[in-house]
Amino acid sequence: MEEHESEKVEILLKTIGPARPSRLLVPSSIKVRDLRRLVAGNDNFPIDNLSLILRGSALCDMKNGDDVYVQLNDGDCLIVAVKPKPPVKDGYENDEDDEDLKFRLPHSSGRWKKRLYSFLHDNLKLPDILLMVIFTLSLKAWVLIILWFILAPVANRWELGPLYILATGFCLILFNLGKRQAGDISAYSIFNEDFRELPGTLNADRLDRDIRAGQF
């Protein structure tokens with residue numbers, strides 16, 4: 001591997017547009033992300049919007065969670081395309097809004113998660129919002145979801161479908177109520193000691209007092 005990395009080959013860079021072709025000396029075996037960085041630095045291209053095409057195929061940086069290597073030969077032609085920036089909407093850049101909708105797997109994720117993300121994103125082309133839902137749910141949540149779908153036909157067979165849906169809704173409400181810490185006051189006075197009301201609560205007594213005081 002070290003011998004291949006030490007070998008250098010000269011490739012021809014053809015940029016889509018009015019730019020003239022240029023030549024670049026690179027290792028014969030190189031990661032696509034490193035090749036992209038060299039090409040961007042050679043012609044001062046924005047690396048994030050750079051697309052590389054070799055032998056009719058677009059090069060991707062990663063596949064199944066692993067870095068992709070490419071084998072180059074002396075005299076190979078590499079087509080370079082710079083993706084245009086998205087149009088400006090209402091006079092403001094919409095890059096920040098687009099970035100908020102994109103899902104990126106954390107670098108600390110396990111190897112199987114990276115492979116699954118690469119398969120779903122690259123092969124199945126799932127939207128980012130669906131990927132966000134898939135990878136943010138815990139394993140326990142997925143077990144409960146699968147169990148719910150398994151039991152749903154059973155409930156339907158026993159003609160308990162509506163009751164099953166209602167029970168699911170009540171369970172979701174109960175399990176998401178949370179727990180109050182010691183000293184915390186509930187938003188509902190009936191759950192507080194001595195029916196203690198929250199500051200600023202509007203009730204009949206306070207309304208009557210404000211009217212008598214001439215504050216209305």
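Say whether the condition of being surrounded by 10 or more Cβ atoms within 10 Å (Cβ to Cβ) and touching a residue at least 24 places away in the same chain (Cβ under 8 Å) is met by at least one residue in the stretch 148-165. Within the stretch 148-165 (the criterion being surrounded by 10 or more Cβ atoms within 10 Å (Cβ to Cβ) and touching a residue at least 24 places away in the same chain (Cβ under 8 Å)), the answer is no, since none of the residues qualifies.
Is it the case, given these coordinates, that E197 is part of a helix (DSSP H, G or I), at pLDDT below 80 and open to solvent by 70 Å² or more (accessible area, probe 1.4 Å)? No; evaluated as a whole, the condition is false for this residue. Close Cβ contacts (under 6 Å, 6 or more residues apart or on different chains) running from residues in the stretch 48-66 that are in a strand (DSSP E or B) to residues that are of a type in the set (V, I, T) and at pLDDT 75 or above comprise I53/I79.
Within the stretch 10-29, is there a residue that is within 27 Å of M132 (Cα to Cα) and either part of a helix (DSSP H, G or I) or modelled with pLDDT under 75 (or both)?
Taking the stretch 10-29 first, the residues within 27 Å of M132 (Cα to Cα) are none.
No, the stretch 10-29 contains no residue that is within 27 Å of M132 (Cα to Cα) and either part of a helix (DSSP H, G or I) or modelled with pLDDT under 75 (or both).
Among the residues of the stretch 112-140, those that are more than 18 Å from C60 (Cβ to Cβ) and either in a helix (DSSP H, G or I) or modelled with pLDDT under 80 (or both) comprise W112, K113, I129, L130, M132, V133, I134, F135, T136, L139, K140.
The values are calculated or read from the model by the stated rules, or taken from the named source; none is laboratory data. Bear in mind that the values here come from a model prediction, so they are computed numbers and not experimental data. With ideal geometry, Cβ positions are generated from the backbone for all residues, glycine too; neighbour counts draw on all protein chains shown. Calculation scope for accessible area: heavy atoms of the full protein, side chains included, ligands and nucleic acids excluded. Shrake-Rupley method; radii C 1.70, N 1.55, O 1.52, S 1.80 Å.
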